[in-house]
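The structure appears below as structure tokens.
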């Protein structure tokens, strides 16, 4: 009988995503990453129709920057946004880039939005070293 809901595989996948093993890549070789808040949207019509009232949803401000070292979540970064940004941060920190064969003019960057459907925040993620 198959149960609905969270499975062992789901929990294990989340554990692996949160506990990345950087042993393959020397932390001293990792590049620093700059994350900048580029745009903030707010869909009040969707909020009124679907969202339960929230007193305080987001601490981001336009132009706010974060510096990431060794792929560690910077202080003040929203947990949900960090979960969305981490794969891109990790790849850039390890020297990757050129996502989707030339998507960005700067191949060592990505423009990524958090997954909040009511008030998405768009971030520029870029290598600074």
**Request:** Report yes if residue 95 is farther than 17 Å from residue 62 by Cα, in contact (Cβ under 8 Å) with a residue 40 or more places away in the chain, assigned to a loop (DSSP other than H, G, I, E, B) and within 15 Å of the chain's Cα centre (by Cα), otherwise no.
**Result:** no
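Filter region 42-68 for residues that are touching a strand residue (DSSP E or B) at 6+ places or on another chain (Cβ under 8 Å) and in a loop (DSSP other than H, G, I, E, B) and give the result.
58, 60, 61, 62, 63, 64
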**Message:** Looking at region 46-61, can you tell me whether even one residue there is over 16 Å from residue 123 (Cα atoms), surrounded by fewer than 16 Cβ atoms within 10 Å (Cβ to Cβ), free of Cβ contacts under 8 Å to residues at least 24 places away in the same chain and under 13 Å from the mean Cα position of the chain (by Cα)?
**Reply:** no
**Yes/no for residue 86 being out of contact with any helix residue (DSSP H, G or I) (no Cβ under 9 Å at 6 or more places or on another chain), under 22 Å from residue 70 (Cβ atoms), surrounded by 16 or more Cβ atoms within 10 Å (Cβ to Cβ) and modelled with pLDDT of 95 or more** = no
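The values are calculated or read from the model by the stated rules, or taken from the named source; none is laboratory data. Keep in mind that this is a model prediction, so the values were computed, not measured. Here Cβ is always computed from backbone atoms with ideal geometry, including for glycine, and neighbour counts include all displayed protein chains.
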